[in-house]
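Before any comments, here is the structure.
Readers should treat all values here as calculations from the given coordinates under stated rules, not as data from a laboratory. This one's a predicted model, so the numbers in the text were calculated from it and none came from an experiment. When we count neighbours, we look across all protein chains shown, and the Cβ atoms used for this are built from the backbone with ideal geometry, even at glycine.
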Amino acid sequence: MRTDQSRLPADGGTLERCCEAESAAAAGRAPDNLPRGKVFVVEDDANVRRLLEARLRREGFEVEVFADTPEAVDALARRVPDVVLTDLNLPSGSGLDVLAAAQEGEGRAAVPVVVLTAFGTVESAVQAVHQGAYDYLTKPADEKKLVIILERAIRQRRLLEENSALLNELQGSWSFERLTSQSPAFTRVLAMAREVARNPHTTVLLQGETGTGKEVLARAVHFASTRRAGRFVALHCGAIPDALLESELFGYERGAFTGATHAKKGKIELANGGTLFLDEIGDMPPQLQVKLLRVLQERCFERLGGLESIAVDVRVVAATHRNLAAMVRAGQFREDLYYRLQVFPLELPPLRERPEDIESLADFFLCRHAAAMGRAISGFTPGALRALRAHAWPGNVRELQNVIERAVILCRGDTIDLSHLTIAPPAEPQAAAEAGPPASLNLDDMERQLVERAMRAADNNQSEAARMLGITRWQLRTKLDRYAGRRPPAEG
């Protein structure tokens, strides 16, 4: 019978000779590479333990060996290896005790455990895998296979650690601790948002003017909940054409329409286990409102062109600057969907109603943008602060952030003064009266000019322009289509 030299030998004499050879090879090998990772080897057989240590060191691993369960468990409580290789049958316990100890520890990824077992106890090894072991090998273990499994386990743990670190960073960036306020109204909103974050299935409806921080609050709710390990998936319902919105939301199967060369998951499916944020839900067309209602009621949906019903576990946080109750009365929004969304409504006050926060928010944005641009700017002059407090802030917190960023760019000294603030001065009360009547009293022309002015102010964002005009996006589109057919002749 041909002997496989890559396997661990079973007889004691041969094992000792192999150990001596392996140790000599390891001692004479130049440390040209960094260790692949740190391995805890838990094995009660001294000869097998010595051979495993020698061969793993030769492969570039950093190795620490243990003869029994209590010794290994004590070491795991004090030190964290990259992977554990343990026998199942151990004195004073078993490999399952080592497995349990490796999975403990807050603030770090569980240490992967590879189990060694004899042929007669494979069922026990399978049980260990069910309890969280990474993999198992039967004795004598194939060296190449052992090294591959250990490397894969180490890579997986490092990926989990990186994901955990990224999650902690994101959680800190979007935590409630960063959303401080001196305003009683906004403080109440934050307190209620903290409460609903503890209920991971409750649907939340955020209402308030554009720029009041609805998405920031939605992210804070997500990262304060048990869904923080899942994805936060955002979709702006007013920024995507109606024809594409359905496929973005629900996904599609291959061949569902021309150009669908492969299947694609939609936002709902991507958010499974996490949070789906639907911004400007008031702009969602009626045919999609029906489909979204089913997702909220039954927690399932079908992709476009698909027949299979897909179950999802997702929290929906919707946001809008519109008065949805008024839209329901006007027949522009489904009443049943409105009540499904309004399980936990939160109204974010505009910045003009929370003047106590203007100075602290300005300081926060100043620190952020000055640090990003490498500028040493200490604060604002009294005149600049007075102007910030006096401004109406129609764009709310978003407008304030933009104003401070521009001020940091324009400032050449160490203090921002009034000349650096690109905000319009308060309108004079008599300005409108002195302007006099328009040159033309044609109502159609006046409406067209007003719509075009709103589109310019909104940078051609139809949802924003419709909000400024107090009409729906579909009404605005109708007007734009009508105006496109009759442009005034060019002068000259």
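Determine the alpha carbon to alpha carbon distance for each of 267/479; 145/264; 264/291 and list only those over 25 Å.
Over 25 Å apart, Cα to Cα: 267/479; 145/264.
Shape call for region 156-290 from the C-alpha gyration tensor, a ≥ b ≥ c root eigenvalues: rounded (a/c under 1.5), prolate (a/b greater than b/c) or oblate?
Oblate, because a/c is 1.5 or more while a/b does not exceed b/c.
Taking K and R as +1 and D and E as -1, what net charge do the other residues with C-beta under 13 Å from the C-beta of residue 125 add up to?
So the environment of residue 125 carries a net charge of -2.
Any chance you could check the Cα centroid distance between region 313-352 and region 286-310 for me, in angstrom?
19 Å
Stokes-Einstein D for region 352-420 at 10 °C, 1.306 mPa s, Kirkwood Rh over Cα pairs, in µm²/s?
Diffusion coefficient, whole number: 133 µm²/s.
How high is the relative contact order of region 441-484, in percent, with contacts defined as C-alpha pairs under 8 Å that are six or more residues apart?
Relative contact order here is 29 percent.
Using modelled backbone amide H atoms (1.01 Å from N, in-plane), which distant-in-sequence or interchain residues come within less than 5 Å of residue 380's amide H?
Under 5 Å from the amide H of residue 380 lie the amide H atoms of 416, each far enough along the sequence or on another chain.
I'd like the Karplus ³J(HN,Hα) series for region 374-382: coefficients 6.51, -1.76, 1.60, θ = phi - 60°, whole numbers in Hz, and an x wherever there's a Gly or Pro.
Couplings: x, 9, 9, 10, 8, x, 10, 6, x Hz.
Put +1 on the Cβ of every Lys and Arg and -1 on every Asp and Glu Cβ in region 308-372; which of 328, 318, 349 then has its Cα farthest towards the positive end of the dipole?
The one lying farthest along the dipole's positive direction is 328.
DSSP beta bridges in region 225-310, what fraction antiparallel, as a percent rounded to 5?
Given both bridge residues lie in region 225-310, the antiparallel proportion sits at roughly 35 percent.
Evaluate E = 1/(1 + (r/R0)^6) for residue 296 and residue 373, where r is the Cβ-Cβ distance and R0 equals 60 Å; express this FRET efficiency to the nearest 0.05.
FRET efficiency, residue 296 to residue 373: 0.85.
Treat every Asp and Glu Cβ in region 352-420 as -1 and every Lys and Arg Cβ as +1, leave all other atoms uncharged, and give the resulting dipole magnitude about the Cα centre to the nearest 20 debye.
160 debye
Treat every Asp and Glu Cβ in region 188-235 as -1 and every Lys and Arg Cβ as +1, leave all other atoms uncharged, and give the resulting dipole magnitude about the Cα centre to the nearest 20 debye.
220 debye
Pick out, from 460, 483, 450, the residue whose Cα sits farthest towards the positive end of the charge dipole of region 441-484, with +1 on the Cβ of Lys and Arg and -1 on the Cβ of Asp and Glu.
Among 460, 483, 450, the one farthest towards the positive end of the dipole of region 441-484 is 460.
Working only with C-alpha atoms, what are the Rg and Dmax values of region 214-321, expressed in angstrom?
Answer for region 214-321, Rg first and Dmax second: 13.6, 42 Å.
On a straight-distance basis, which lysines could pair with residue 144 in a cross-link, Cα separation under 23 angstrom, same-chain partners fewer than 8 positions away excluded?
Those lysines meeting the cut-off are 38.
Would you mind ranking 231, 456 so that the residue whose beta carbon has the fewest other beta carbons within 10 Å leads the list?
The most exposed by this proxy come first: 456, 231.
Between rounded, prolate and oblate, where does region 342-385 land on the alpha carbon gyration tensor, with a ≥ b ≥ c its root eigenvalues, rounded for a/c under 1.5, else prolate if a/b exceeds b/c?
Here region 342-385 falls in the oblate category.
Could you work out how far apart the two model spin labels at residue 265 and residue 78 are, taking each label as a point 7 Å from the Cα in the direction of the beta carbon, and quote it in nm?
Taking the simple label geometry, residue 265 and residue 78 are separated by 4.3 nm.
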